[in-house]
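The values are calculated or read from the model by the stated rules, or taken from the named source; none is laboratory data. In this text, all values refer to a predicted model and were calculated from it rather than measured experimentally. Glycine also receives a Cβ, built like all others from the backbone with ideal geometry; neighbour counts cover every protein chain displayed.
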Amino acid sequence: MSTDRPWWTPATHADRRPLLLTRARIKAAIRAWFEAQGFVEVETGCLQISPGNEAHLHAFRTELVAPDLSRRTLYLHTSPELACKKLLAAGERNVFTFAPVFRNRERGALHAPEFTMLEWYRAEAPYEAMMDDCAALLKLAAETADNRFVSWRGVTSNPRAVPERLTVAAAFARYAGVDLLARIGADANDRDALAAAAESAGITPRDDDTWADIFSKLLTALVEPKLGNGRPTLLTEYPASEAPLARPCTGDPRLAERFELYCCGVELANGFGELTDPELQRRRLEAEMDKKEARYGERYPIDEDFIAALAAMPPASGCALGFDRLVMLATGATRIDQVLWTPMSER
């Protein structure tokens, strides 16, 4: 999209329109795919008591003014996750949604302050089922766009290929030369040991970087660019400390049933075997907000309805996929703004 002409000028829109029409076809194909499997499409409210409680996600805050002029702080959600899980507690089994979501402090080729999240849940399903779903949806998007291969910044991948499944520990060993499991403890992770390993790998941590910060820097700089090269990658078994909404792995509680889908080095989806223990979930969310307050000087409320609903929620797995990024890769677009019907002005 031209940076010197608004998106609504006829010439700019004409350039973007083929991508936008392909976006519509991909959405229709995905909707049909879910409906053929018996899913129910749902619509979740954007205004929430809590926008979500991940430490490094930043929400838009607003204010509800009642007829009596009393005021109440609300937030635009960063994900429909909490609402979808309440629907599972209410009795829904398999649901999906194309949800508008909002994240502050995010703008770039792969980020927009407002974007579309495709999120879906399967009751009584293992989280490996979500991995299979991701592979099918990536293939479907590419086929709908009539592209055999997809590329991003010089990296090419075959979206029809069976994805590689790679644990986070294996990926860190392969691409960063770091033995990650040796730096994860049963009760606490070894920050200094991971910092030393990062130094050896060419990444210099700041003195105030936490274990999670160093993990993220290693992942972003050395691991992610190598994922999804040639064929998609499913990165599995995240450290439990980096998956506050996921249940622990049965064989090793230091790890969690969390995965991410990568294609051409681009993260497309984030899936969990869902945590349903209310007290453990509360502790984890409060710990995330402690991290947020220490780093950014603010915290978001815990949604007490969500905590209460977990007691009635069936075992389930869920996944969130960045629909706009999926369309980008499928169509060959280079910026997320190119595949948004009405992107926010940069001025």
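Counting only helices (runs of 4 or more DSSP H) that sit wholly inside the range 99-212, those with at least 2 residues that are touching a residue at least 40 places away in the same chain (Cβ under 8 Å) and over 19 Å from the mean Cα position of the chain (by Cα) are 127-144, 168-175.
Does the range 216-224 contain any residue that is β-branched (V, I, T), in contact with a helix residue (DSSP H, G or I) (Cβ under 8 Å, 6 or more places away or on another chain) and part of a helix (DSSP H, G or I)? Yes, that holds for at least one residue.
Every residue, every condition in (1) in contact with a Phe, Trp or Tyr (Cβ under 7 Å, 6 or more places away or on another chain); (2) crowded, with 23+ Cβ neighbours inside 10 Å; (3) over 23 Å from T97 (Cβ atoms); (4) modelled with pLDDT of 95 or more, yes or no:
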{"residue": "P225", "(1), (2), (3), (4)": "no, no, yes, yes"}
{"residue": "L234", "(1), (2), (3), (4)": "yes, yes, no, yes"}
{"residue": "A246", "(1), (2), (3), (4)": "yes, yes, no, yes"}
{"residue": "R284", "(1), (2), (3), (4)": "no, no, yes, yes"}
{"residue": "K292", "(1), (2), (3), (4)": "no, no, yes, yes"}
{"residue": "R299", "(1), (2), (3), (4)": "no, no, yes, yes"}
{"residue": "E304", "(1), (2), (3), (4)": "no, no, no, yes"}
{"residue": "L310", "(1), (2), (3), (4)": "no, no, no, yes"}
{"residue": "P314", "(1), (2), (3), (4)": "no, no, no, yes"}
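Residue selection: E346 satisfies the criterion of being at pLDDT below 95 and either out of contact with any strand residue (DSSP E or B) (no Cβ under 6 Å at 6 or more places or on another chain) or of a type in the set (F, W, Y) (or both). When A14, A59, A36 are checked against the criterion of being of a type in the set (A, V, I, L, M) and either touching a Lys or Arg at 6+ places or on another chain (Cβ under 8 Å) or under 18 Å from G322 (Cβ atoms) (or both), a single residue qualifies: A59. For the range 318-332, the criterion of being among the small types (G, A, S), touching a Lys or Arg at 6+ places or on another chain (Cβ under 6 Å) and surrounded by 20 or more Cβ atoms within 10 Å (Cβ to Cβ) is met by no residue. The condition of being under 23 Å from Y300 (Cβ atoms), of a type in the set (D, E) and modelled with pLDDT of 95 or more holds for only one of E92, E63, E106, E124, that being E63. Filtered by the rule that a residue be touching a helix residue (DSSP H, G or I) at 6+ places or on another chain (Cβ under 7 Å), assigned to a strand (DSSP E or B) and not hydrophobic (A, V, I, L, M, F, W, C), the range 79-97 gives a lone residue, T97.
The set of residues in the range 9-24 being over 23 Å from the mean Cα position of the chain (by Cα) and of a type in the set (V, I, T) consists of T9, T12. May I ask you to list pairs of residues, at least six apart or on different chains, whose Cβ atoms are under 9 Å apart, with the first in the range 213-227 being on the phi < 0 side of the Ramachandran plot and basic (K, R) and the second being part of a helix (DSSP H, G or I) and at pLDDT 95 or above? If the second residue must be part of a helix (DSSP H, G or I) and at pLDDT 95 or above, the pairs left are K217/A198; K226/A171; K226/R174; K226/Y175. Candidates A196, A240: the one that is buried (at least 17 other Cβ atoms within 10 Å of the Cβ) and farther than 28 Å from V155 by Cβ is A240. Across the range 63-95, the qualifying residues are those that are surrounded by fewer than 22 Cβ atoms within 10 Å (Cβ to Cβ) and among the β-branched types (V, I, T), and the one among them that is nearest to the chain's Cα centre (by Cα) is T73.
The set of residues in the range 248-269 being surrounded by 23 or more Cβ atoms within 10 Å (Cβ to Cβ) and out of contact with any Phe, Trp or Tyr (no Cβ under 9 Å at 6 or more places or on another chain) consists of L261, Y262.
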